[in-house]
Amino acid sequence: MLTKELSEDQLLAEFDLKIASDIKIEPRDWMPEEYRNQLIRQISQHAHSEIIGMQPEGNWLNRAPSLRSKKILMAKIQDEAGHGLYLYSAAETLGISREQMIAALHAGKAKYASVFNYPSLNWADMGAIGWLVDGAAITNQVSLQRTSYGPYARAMVRICKEESFHQRQGYEIMWRMMQGTEDQKRMAQDALNRWWYPALMMFGPHDADSAHSSKSMKWKIKRESNDHLRAKFVNKSIPQAELLGLKVPDVKLIDEASGIYEHTAINWEEFWTVVNGNGPCNKQRIEHHIKAHEDGEWVRKTAIAADLKHHTN
Amino acid sequence: MNKEDNQGQLWEVFLQTKPGMAFKHVGSVHAFDKELAVQNARDLYTRRGEGTGLWVVSSEEIVAVTINEAEYFFEPIDKKIYRHPTFYNLPEGVKNM
Amino acid sequence: MDFKLKYYLQIADNALILSHRLGEVVSRGPYLEEDIANTNVALDLIGMAESIYEQAALLEDKGRTGDDLVYRRAEHQYFNANLVEQPNKDFAYILVRQFLMDAFHVYFLTELTKSKDEFLAAVAIKSLKEVTYHLRRSSEWMIRLGDGTAEASERTKIAIRNLWKFKFELFTESEADLIMKERGEGVDLKVVEKMWRQKVREIFFIAQLEIPEGEFIVGQGKSGNHTEYLGKILAEMQFLPTHYPDAVW
């Protein structure tokens, strides 16, 4: 073999150098096990979030009040399936199969964004989810386009490009609701009230309390801190709410001159309750996914069997 | 071929975005056979009308140079600058070259 | 009711109700790629229905929109075939229903491209491309369902047995069908049926499935007579416009 045989230390030094020089790590490159595991954890969690996130919107798909809104919502949910798929593929390059990831999800070992454990209760929720939940996700994802792992970064580039309509779609629904009847305005405010804090929680715990944050930052898996991204999002969203004529719950202007806002204390007890499985919909979401997976088993089996029959050579 | 994985096998997808252009790798897709692979690739990667041509290749059929080989595979070629047109000094005034 | 308007609604209602059923299985597919594929079919069908409803609303000339036709018509004013409203019992039901309708759409729209009604001819040309792909997809699945595992074959045979009776209605002429055909604006359903039968035979043969015997016409969707399922579909679909009649969405 002509290949270089390097010691673990040399490999690590080479790896660190690449990270420092912003050279992407690729699937066949050497990487520390912890980096690999951290990526698998984060990318699969991200993929599961896209997939579970189809459910609260799916809840209103067949009650969409116009054909236009129905096809848009359907296309959006389909994008989420596609994005989950891109992310599963990125994770697969690290040596885990999609099936293993799904098994971990079903066993409760892999997490997904807690925000999807809240119910979607009225049509304006389709607006609030697009505007706030996708808005928060996009804030995060834009920074992840620069993540150090090549396949993850490339998946994020594609996802960000495709997602650009999602937030606009949500905001447009809110806008239409606010132009409508008193009932519609009530629904819009109600949706904002319910989704605001869950959206803020999507950025994760405060930097000081975030278990995986420092390593992730060091390896440039994550490029900006939770609190920094959260503040960015809050300050983007408040003027958008004002334009709609909606009131964001509990924010204060901390800097009158520059118009910088701060959200008031997040109820982290609630956050951890939901993360640990006791949100309003955790069980429902997982059961939905398990049922689809189990109902589909005979279909997957017959597809495999049919292929084997026709390619016996 | 991992037939046990109930999510199907992995296929690499190459898309041509305009007639005459090169096919470019866009990602991968799971499928149980060739026909489903080409359908699934179409349904996923051309949702926004990006395609005029589509190839799928079973991921297992891809032969790749490993990163450890990269140095002696690529670097020597990098030095043969005489293969590039800008290497040559031509007299002023020569046309259509 | 104006026969032309009714003809438009027959076509659009089939696409709409079928797409609604497909919408119900979003996020419930056997694997992710199939979920995405199913949604593409549903989106094509909604798009086709939407453009026809908009034109139908103009034809009707009562100041109503395409959406009004969707959201403010009662069960008996819907003219889709009973087949498309049948529930998603399992993947076999979904795909058998889809295959039978895809084949119908391909040959129906092929004929419709020759319509003297320019709008219908244009819709047919556009939608024909989409449903041709749908038929390819559902044909491939029929083969995998029929000629794969014993369980799949059994489930598929049950679905065929239970859905087959609804296919006859597709080729039964309503008054609107008859008049539109005579004017050269509609299609001859006999021609469609002949092509349809040939395709179904071909795919069933490859898939080792059998065509059930007997001719018994069930369902008169074109007369506004439906199975119990349609009422529930509409109750869900029309919930918001019904509950908040003054709202604009």
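Remarks
- Across the alpha-carbon set of chain C, the Rg to Rh ratio works out to 0.95, Rh being the Kirkwood radius.
- The range C:1-147 - Debye-derived log10 I(q)/I(0), Cα point model, q = 0.14 Å⁻¹: -0.66
- Computed over the alpha-carbon pairs of the range C:1-83, the distance histogram in 10 Å steps reads 18, 46, 24, 10, 1 percent, short to long.
- Kirkwood-Stokes translational diffusion coefficient of the range A:88-143, alpha-carbon pairs, 20 °C, 1.002 mPa s, µm²/s: 159 µm²/s
- The radius of gyration of the Cα set in the range A:32-72, together with its Dmax, comes out at 16.6, 52 angstrom.
- Cα convex hull, the range A:4-92: 106 Å³ per residue, rounded to a whole number.
- Mean projected area of the convex hull spanned by the Cα atoms of the range A:1-149, taken over all viewing directions: 11.2 nm².
- Helix-only [θ]222 nm of chain A, DSSP H runs n ≥ 4, -39500 (n - 2.57) each, per residue, nearest 500: -20500 deg cm²/dmol
- Remark: the range B:18-23, residue by residue, has Karplus-estimated 3J(HN,Hα) of 9, x, x, 7, 6, 7 Hz, where x stands for each Gly or Pro and the curve is 6.51 cos²θ - 1.76 cosθ + 1.60 at θ = phi - 60°.
- Whole-number accessible area per residue in Å² for the range C:96-224, which is evaluated in the context of all protein chains at 1.4 Å: 45 Å²
- When chain B is treated as a GNM with alpha-carbon contacts under 10 Å, the residue of B:Asp78, B:Asp43, B:Asp33 showing the greatest mean-square fluctuation is B:Asp78.
- Isotropic mean projected area of the C-alpha convex hull, the range C:72-164 (nm²): 7.3 nm²
- A Förster radius of 22 Å combined with the Cβ-Cβ distance from A:Lys252 to A:His228 puts the calculated FRET efficiency at roughly 0.75.
- Fraction of C-alpha pairs exceeding 15 angstrom in the range A:115-154: 52 percent, rounded to a whole number.
- Projecting label points 7 angstrom from Cα along Cα→Cβ for C:Val248 and A:Asp209 puts them 4.6 nm apart.
- Ellipticity estimate at 222 nm from DSSP helix runs (n ≥ 4, -39,500 (n - 2.57)) divided over chain C, nearest 500: -22000 deg cm²/dmol
- Equivalent-ellipsoid semi-axes for the protein assembly as shown (Cα gyration tensor, √(5λ), whole Å, largest first): 45, 34, 25.
- For residues of C:222-232, the mean tally of beta carbons on other chains within 10 Å: 0
- Cross-link pairs exceeding 20 Å between alpha carbons, from the set A:Lys76/C:Lys232; B:Lys18/B:Lys95; C:Lys62/C:Lys222; A:Lys309/C:Lys167; C:Lys116/C:Lys181; C:Lys129/C:Lys190: A:Lys76/C:Lys232; B:Lys18/B:Lys95; C:Lys62/C:Lys222; A:Lys309/C:Lys167; C:Lys129/C:Lys190.
- Distribution of pairwise C-alpha distances over chain A, 10 Å bins, in %: 5, 24, 32, 23, 11, 4, 1, 0
- The interface between chain C and chain A buries about 4000 Å² of solvent-accessible area in total (1.4 Å probe, ligands and nucleic acids excluded).
- Tail weight of P(r) past 24 Å, computed on alpha-carbon pairs of chain B, percent: 51 percent
- Within straight-line reach of A:Lys252, meaning a Cα separation under 26 Å, sit the following lysines at least 8 residues removed in sequence or on another chain: A:Lys185, A:Lys232, A:Lys236.
- Probe 1.4 Å, all protein chains present, accessible-area order of A:His206, A:His310, largest first: A:His310, A:His206
The values are calculated or read from the model by the stated rules, or taken from the named source; none is laboratory data. Predicted model only: the values in this text are computed from it and were never measured. Here Cβ is always computed from backbone atoms with ideal geometry, including for glycine, and neighbour counts include all displayed protein chains. The protein model used for the area step is the full one, side chains on, heavy atoms only, and it has no ligands, DNA or RNA in it. Shrake-Rupley method; radii C 1.70, N 1.55, O 1.52, S 1.80 Å.
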